[in-house]
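First up is the structure itself, then whatever we jot down about it.
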Amino acid sequence: MGEQDREILRLAVPAFFALVSEPLMLLADSAIVGHLGTPQLAALGVAGTILQTLVGICVFLAYGTTSAVARRIGAGDHKGALAQGIDGLWLALLLGVVLALLGLALAPQAIAAFDPSPEVADHAVTYLRISCIGIPSMLLLLAATGVLRGLQDTKTPMVVAITANLANIGLNVLFVYGLRLDIAGSALGTALAQTGAGVALVVVVVRGARRDGAKLRPDRPGILASAQMGVPLVVRTLTLRAAIILLTFVATALGTTSVAAHQVAFTLWSFLALALDAIAIAAQALTGRALGAGDVAGTRAITRRMMWWGLFSGLIGGLALWGLRDVYVPWFTTDPEVRRTLAAILIVSALWQPINGVVFVLDGVLIGAGDGRYLAAAGIVALVLYVPLALAVLWFGGGIVALWWAFGGYMLLRFLTLTTRERRDGWLVTGATR
């Protein structure tokens with residue numbers, strides 16, 4: 001294993017465990033709330049979907065900050081890197097306050113859009129409103145994580161994420177069962193755990209800024225620059241969300257068996273994506289640092305190395321999906337038809353995993369390079385071409401397996417657009433800022 005490989009692992013492994021902690025927190029909430037009753041569990045599903053969408057759209061706070069901070073680190077401007085990070089924190093706080101106020105005001109309307117039963121709606125509005133109080137902390141957590149990743153530190157976010165997970169379980173049990181606050185207790189416990197995590201990482205960043213003499217007060221030009229940098233990444237994220245929503249929409253239209261098998265298959269796909277996303281996070285940090293240092297040859301070398309890592313990781317994940325499906329498929333369902341359908345989907349999913357690995361890595365590389373405009377344009381192109389592929393499954397009476405072939409076609413479109421960009425030099429902009 002070479003120096004590049006060790007550096008990739010140093011960043012990717014802690015990033016993976018931090019990423020895994022997020023779905024585990026949602027799983028813990030579901031397990032605790034599920035024992036309260038079906039209406040509460042359904043309410044958690046509705047309100048949780050809204051929250052995840054809001055926070056997911058704001059993931060640019062982590063990605064954009066990682067790129068900007070890493071560039072300045074590469075250029076040797078540690079003080080400027082932390083100043084850039086502080087700008088990102090102020091943007092996260094402002095955006096978080098706005099979204100929290102909107103959520104508090106519009107929670108009933110947002111829940112009503114899902115057309116739940118009155119009992120489920122009441123629980124969902126309660127959960128959403130309490131959770132909205134924690135949105136500023138969630139966004140600060142994203143931005144602070146991005147700062148530390150840019151500083152080449154993924155261990156601190158990992159430790160904080162794991163600690164927050166444990167705190168979340170303890171607080172949920174205390175509030176839901178100990179104080180008998182029902183679903184409101186779960187929302188409060190999770191909000192407090194996320195607030196603690198956000199505060200912890202912000203303290204780490206602020207201490208670093210003070211140590212290096214970086215400014216802490218709001219800087220309007222810096223905040224606006226961070227916002228402008230995030231716009232293309234928001235577009236990129238929205239195209240991804242749209243593709244996934246369309247996938248679920250068509251799967252639902254294909255019938256109960258199809259959507260049941262699809263739900264399990266997509267859950268497994270998402271878990272494998274966490275490992276690939278961890279490599280992408282390493283790509284963001286290393287690419288930004290190399291370009292900030294003006295090292296084009298080094299950027300090319302680390303990019304090619306990470307592409308191999310993505311390909312290899314995708315191949316291993318695909319082999320596991322394919323080879324072990326007879327072992328784990330029975331864990332998820334006892335329905336023979338769902339099992340057969342799921343096994344067929346997993347074969348298709350397994351075949352596309354190596355392509356997925358390269359896509360995730362190159363996505364991270366171009367984010368690290370600050371090439372958000374290209375990523376936004378490429379995302380729109382891939383989505384526009386994918387829509388007729390997915391809808392054709394309905395038009396021509398295809399099944400759920402055909403839909404997953406179409407989704408693989410979407411990932412192939414992303415692969416083609418990203419590899420085309422990687423081969424050219426337009427994204428290799430050097431210097432402390434892009």
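The values are calculated or read from the model by the stated rules, or taken from the named source; none is laboratory data. All figures in this text were calculated on a predicted structure; none of them were measured in a lab. Positions of Cβ are backbone-derived with ideal geometry, glycine not excepted, and every protein chain shown enters the neighbour counts. Ligands, DNA and RNA are stripped out before the accessible areas are found, and what is left, the full protein with its side chains, is counted by its heavy atoms. Shrake-Rupley method; radii C 1.70, N 1.55, O 1.52, S 1.80 Å.
Largest first and in whole Å, the equivalent-ellipsoid semi-axes of region 346-405 read 27, 17, 5, each the square root of five times a Cα gyration tensor eigenvalue.
To the nearest 0.05, what FRET efficiency results for T334 and A253 with a Förster distance of 22 Å applied to their C-beta separation?
In this case the efficiency is close to 0.35.
Largest to smallest in accessible area, the residues W395, W322, W427 fall in the order W395, W322, W427 (1.4 Å probe, all protein chains included). When a/c reaches 1.5 or more, the comparison of a/b and b/c decides; with that in mind, is region 367-434 rounded, prolate or oblate per its Cα gyration tensor? Prolate. The Rg/Rh ratio for region 20-99 is 1.18, where Rg is the radius of gyration of the alpha carbons and Rh is the Kirkwood radius. If a spin label sat at a point 7 angstrom from the Cα of D212 along the line to its beta carbon, the backbone N atoms of region 76-93 nearer than 15 Å would be those of 76-89. Computing FRET efficiency as 1/(1 + (r/R0)^6) for A31 and A184, where r is the C-beta to C-beta distance and R0 is 22 Å, gives about 0.80.
Under conditions of 20 °C and 1.002 mPa s, region 115-262 yields 116 µm² s⁻¹ as its translational diffusion coefficient, taking Rh as the Kirkwood radius over Cα pairs in the Stokes-Einstein equation. Placing +1 on the Cβ of every Lys and Arg and -1 on the Cβ of every Asp and Glu, with nothing else charged, gives the chain a dipole about its Cα centre of roughly 1200 debye. Selection among L346, V361, L391 by position relative to the dipole of region 319-434 gives V361 as farthest towards the positive end (Cβ unit charges, Cα centre). What FRET efficiency, computed as 1/(1 + (r/R0)^6) with R0 = 41 Å and r the Cβ-Cβ distance, is obtained for L94 and A392, rounded to the nearest 0.05? For R0 = 41 Å, the calculated efficiency reads 0.40. Kirkwood radius, the chain, all distinct C-alpha pairs, inverse of mean reciprocal distance: 22.4 Å. Assuming charge only on the beta carbon of Lys and Arg (+1) and of Asp and Glu (-1), the dipole of region 160-221 about its Cα centre is about 360 debye to the nearest 20.
When the Cα positions of T38, A293, G317 are compared along the charge dipole of the chain, A293 comes out farthest toward the positive end, with charges on each C-beta of Lys, Arg, Asp and Glu.
Taking every DSSP helix (H) stretch of at least 4 residues in the chain, weighting each as -39,500 (n - 2.57) and dividing the sum by the residue count yields a mean residue ellipticity at 222 nm of -30500 deg cm²/dmol. Two numbers describe the Cα atoms of region 305-434: Rg and Dmax, which are 17.5, 58 Å.
Rounded to two decimals, the Cα radius of gyration of region 242-393 over 2.2 N^0.38 Å is 1.20. The figure for Y63 is an accessible area of roughly 20 square angstrom, using a 1.4 Å probe on the protein chains alone.
Centre-to-centre separation between the Cα atoms of region 76-116 and those of region 251-295: 23 Å. Solvent-accessible area per residue in region 282-386 equals 41 Å², computed with a 1.4 angstrom probe and all protein chains kept.
Is the C-alpha gyration tensor of region 178-253 telling us rounded, prolate or oblate? Criteria: a/c under 1.5 is rounded; beyond that, a/b larger than b/c is prolate, otherwise oblate. It comes out oblate by the Cα gyration axes. Dipole orientation for the chain: of the candidates Y127, G196, A209, A209 has the Cα lying most toward the positive pole (charges on Cβ; Lys, Arg +1; Asp, Glu -1). Assuming charge only on the beta carbon of Lys and Arg (+1) and of Asp and Glu (-1), the dipole of region 107-242 about its Cα centre is about 720 debye to the nearest 20.
Approximating the spin labels as points 7 Å out from Cα along Cα→Cβ, the L24-to-R10 distance works out to 2.5 nm.
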